[in-house]
Amino acid sequence: MIKNLSTDVKLELISKITDSLKATKKEAEDDSWKKLFGAWQSDQSAEEIIEEIRASRHTHRQIEDL
């Protein structure tokens, strides 16, 4: 199908596909961080959250009998 096209048409097709891929990649890069903005909402400071996580850790070492 493509081999029947002229060289000029092939080059134009390559150019359009390249431009399309560049635009898609740029949009994806620009919007990726925006999706994360505001994902975590809390009145606690980062230090308070870290302390809460550390305080909630429990280790239970139980060795299972075989």
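A few remarks follow.
- Counting lysine pairs in the chain whose alpha carbons fall under 20 angstrom apart, excluding pairs fewer than 8 residues apart on the same chain, gives 9.
- Computed over the chain, the ratio Rg/Rh where both radii use C-alpha atoms and Rh is Kirkwood: 1.49
- Cut-off of 10 Å, at most 10 other beta carbons, DSSP loop: longest stretch of the chain lacking such trypsin sites (Lys or Arg not before Pro): 4-33
Throughout, read-outs are computed from the coordinates displayed, never taken from laboratory work. Values in this document were obtained by computation on a predicted structure and should not be read as measured data. Note: ideal-geometry Cβ built from the backbone for every residue, glycine included; neighbour counts use all protein chains shown.
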